[in-house]
Amino acid sequence: MASEKTSDTDGPVLVPILGDQLTRDLASLRGRAKDDTVVLMMEVWDEATYVRHHKQKIVLVFSAMRHFAAELRDAGWRVDYVGLDDADNAGSFTGEVARAVERHDPRAVHVVEASEWRVQQALEEWPDKFACTVDILPDDRFVASKAEFRDWAEGRDALRMEYFYREMRRKTGLLMAKDGKGDKPAGGEWNYDSENRKPPKDGLEAPAPPKFEPDAITREVIALVEDRFADHFGSIDGFRWPVTREQAEAAADAFFADRLCDFGPYQDAMVHGQDDLFHSLLSTSLNLGLLDPLDLCRRAEAAYREGKAPLNSVEGFIRQIVGWREYVRGFYWHEMPGLAEANELEADRPLPEFYWTGETDMRCLADAIRSTRENAHAHHIQRLMVLGNFALLAGIRPQEVEDWFLVVYADAYDWVELPNVAAMVLYADGGRLASKPYAASGNYINKMSNYCRDCRYKVSEKTGADACPFNPLYWHFMHRHRDRLEGNHRIGRIYATWDRMGEDKRREYLDSAEAFLDQLEPAAKGWARDQ
Ligand code: FAD
Ligand code: DLZ
Ligand code: SF4
């Protein structure tokens, strides 16, 4: 993607590095001569406010950017760093690059493509806007290029992660059998998902992950964010995210040493007050560029080969990264821009206010939202089967749910959040990604967590004011979407059960669901975006 211009200047090459491109191995830096390069890093108002990110996310990104700029300078690079409070800050990437072009009179701009559609649209205008050559380089921090995904997806009606994942295993050689038979997965199976669903036993406790105390740079950013973004969602007090490569590596070391072994069996478990269980907490570092995905997978594989971790845990971890993470990135670029507008189930209920306040008697939701507010994090199964499942069953408008998920998590970027929310959780893409909606009643949450025993609602009750709301909502959802779902072989059989219930019972379910939905208070405007 190079512009055709020839330059009449012998100035340096300007290398803008975006906030989620924090690696010295970036395509735009690799092989460049330091004395011929100006690195540009920009804190800009547009990025900090296009949605009203959780305060911890802004602290994380700005602090990691400032630490990375220091790392580059220590390594001899010339870095032009524009702070949010710089008096002349132009407020946008394009505005800041324009100012930098004036300052440095570069012969060319070399930038790595943006991870998000919104920003990439702006980058693609740069060749027309600036007088010098602009090269937009592919982001090669992923195992699969966008073209590879496109080739794989071509001609398929449904895009299933499992088959793409196998391609990635073959391509990388990760967890392939070493018995000379070529195409076989280690252990004989590609996927040990069935061994990743152990309910939590009483008293299950996971070793605490490391916390990284804010240093002077982070404290300065915390003060900035408290001052400028005071009205954004979330608490800043418990900020503990890795902000440097060194800290991210320490977080990975701790995961491999203390939690990888139990990651597999308890991957889908939820325990009240145990926010992280055996999850790695590495998504923020991966998404910023502080960790390399393939390197993490190779380390996990080595733990298996050396007999230090079981196959179901290692395969489960590798599947999340070279399976799901790679797949959703490919899916995003394949399906944009339509994915952002998709609403196949025509859901139109406003997001309830309790998503922002956590004030609900539903204990599972209240706990997931508390963790979200305190940590800018909730683990996968809380996102999918509690927060997401409720939004699916209640028929919340996809764009409001997407905004919520984009705002509240420290690891949230459109490219990874949107496919997970629109396609995996809400089935808004009509089943391009998932073979069926991940709809579940209270039984699932009860089986996989200890939430229900102390909930004001009773999971064993199916209808009425004390029934777990997930129970009637589940049938309300199935009933609403019968036309669309009955023919789906993975879910259609459920309608035989519905039909056997009899008219009165069915009416009770529908009435209970509607009574519950009617009392939901819609979110006040302005939590996610300025209106
Ligand atoms: P672990 O459970 O330890 O998993 C290891 C790694 O695998 C993660 O760090 C992540 O990089 C990757 N991974 C796991 N599941 C997925 C997935 N479904 N899609 C992509 N990568 C995955 N992840 C984000 O990074 N950003 C998001 O904005 C985001 N939004 C989500 C929204 C919803 C509704 C759902 C269901 C999932 C979302 N995920 C998102 C995926 C996943 O929940 C998080 O990556 C995970 O919870 C991060 O915690 P962890 O690092 O401890 O993950
Ligand atoms: C998330 C974020 C925020 C809050 N602020 C900035 C910023 O000021 N400067 C920056 O370079 N990046 C920021 N980011 C991350 C970007 O949103 C992310 O790099 C791009 O949007 C990816 O397309
Ligand atoms: Fe959640 Fe229902 Fe269990 Fe309460 S009873 S914790 S609402 S699943």
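The values are calculated or read from the model by the stated rules, or taken from the named source; none is laboratory data. These numbers were taken from a predicted model, which means no experiment stands behind them. Note: ideal-geometry Cβ built from the backbone for every residue, glycine included; neighbour counts use all protein chains shown.
Here's a check for you: in segment 381-410, which residue that is β-branched (Val, Ile, Thr) and within 16 Å of ligand 3 (Cβ to nearest atom) is nearest to GLY526 (Cα to Cα)? Explain how you work it out, then say what you get.
Start the filter on segment 381-410 by keeping residues that are β-branched (Val, Ile, Thr), which leaves 381, 386, 396, 401, 407-408.
From what's left, within 16 Å of ligand 3 (Cβ to nearest atom): 381, 386.
Numbers: ILE381: 27, VAL386: 24 Å.
The residue in question is VAL386.
In segment 388-403, which residue that is more than 16 Å from ligand 2 (Cβ to nearest atom) and within 14 Å of the chain's Cα centre (by Cα) is farthest from HIS272 (Cα to Cα)?
Of everything passing the filter in segment 388-403, VAL401 is farthest from HIS272 (Cα to Cα).
Whether any residue in segment 176-194 is polar (S, T, N, Q) and assigned by TED's automatic domain parsing to the domain that holds CYS297 is what I want to check.
The answer is yes; a qualifying residue exists.
When you scan segment 210-231, how many residues do you find that are modelled with pLDDT under 95 and within 30 Å of ALA302 (Cβ to Cβ)?
1
Would you pick out the residues in segment 125-148 that are in contact with a His (Cβ under 6 Å, 6 or more places away or on another chain) and buried (at least 20 other Cβ atoms within 10 Å of the Cβ)?
Residues of segment 125-148 in contact with a His (Cβ under 6 Å, 6 or more places away or on another chain): 135.
Correct list: empty.
Report the residue count in segment 361-388 for those that are more than 9 Å from ligand 1 (Cβ to nearest atom) and either in contact with a helix residue (DSSP H, G or I) (Cβ under 6 Å, 6 or more places away or on another chain) or under 19 Å from ARG456 (Cβ atoms) (or both). Walk me through it before giving the result.
Start the filter on segment 361-388 by keeping residues that are more than 9 Å from ligand 1 (Cβ to nearest atom), which leaves 361-376, 386.
From what's left, either in contact with a helix residue (DSSP H, G or I) (Cβ under 6 Å, 6 or more places away or on another chain) or under 19 Å from ARG456 (Cβ atoms) (or both): 361-370, 372, 376, 386.
Residues that pass the stated criteria total 13.
Do we find that TYR474 is within 27 Å of the chain's Cα centre (by Cα), modelled with pLDDT of 95 or more and farther than 16 Å from ARG363 by Cα in this structure?
yes
Give the residues of segment 294-319 that are surrounded by fewer than 20 Cβ atoms within 10 Å (Cβ to Cβ) and within 18 Å of the chain's Cα centre (by Cα), sorted by residue number.
LEU294
Go through segment 280-289 and give me each residue that's within 12 Å of ligand 1 (Cβ to nearest atom) and either farther than 16 Å from ARG319 by Cβ or in contact with a Phe, Trp or Tyr (Cβ under 7 Å, 6 or more places away or on another chain) (or both).
SER280, LEU281, LEU282, THR284, SER285, ASN287, LEU288, listed by residue number.
Can you name every one of the strands (runs of 3 or more DSSP E) wholly within segment 78-168 that holds 2 or more residues which are among the hydroxyl-bearing types (Ser, Thr, Tyr)?
Those strands (runs of 3 or more DSSP E) do not exist here; none qualify.
Just to be sure before I move on: is TRP324 assigned to a helix (DSSP H, G or I) and more than 23 Å from ASN196 (Cβ to Cβ) in the structure I sent?
So TRP324 does not fit the description; no.
Of the residues that sit in segment 227-259 and are among the polar types (S, T, N, Q) and not in a helix (DSSP H, G or I), which one is farthest from THR357 (Cα to Cα)?
Among residues in segment 227-259 that are among the polar types (S, T, N, Q) and not in a helix (DSSP H, G or I), the one farthest from THR357 (Cα to Cα) is THR244.
Could you please find all residues in segment 89-113 being farther than 25 Å from ASP139 by Cα and either within 16 Å of ligand 1 (Cβ to nearest atom) or within 33 Å of the chain's Cα centre (by Cα) (or both)?
ASN89, ALA90
Just wondering, is there one or more residues in segment 376-387 that are buried (at least 23 other Cβ atoms within 10 Å of the Cβ), in contact with a Gly (Cβ under 8 Å, 6 or more places away or on another chain) and either in contact (Cβ under 8 Å) with a residue 12 or more places away in the chain or not assigned by TED's automatic domain parsing to the domain that holds GLU154 (or both)?
Yes, segment 376-387 contains a residue that is buried (at least 23 other Cβ atoms within 10 Å of the Cβ), in contact with a Gly (Cβ under 8 Å, 6 or more places away or on another chain) and either in contact (Cβ under 8 Å) with a residue 12 or more places away in the chain or not assigned by TED's automatic domain parsing to the domain that holds GLU154 (or both).
Within segment 128-148, is there a residue that is more than 16 Å from ligand 2 (Cβ to nearest atom), β-branched (Val, Ile, Thr) and within 30 Å of GLU301 (Cα to Cα)?
Among the residues of segment 128-148, at least one is more than 16 Å from ligand 2 (Cβ to nearest atom), β-branched (Val, Ile, Thr) and within 30 Å of GLU301 (Cα to Cα), which makes the answer yes.
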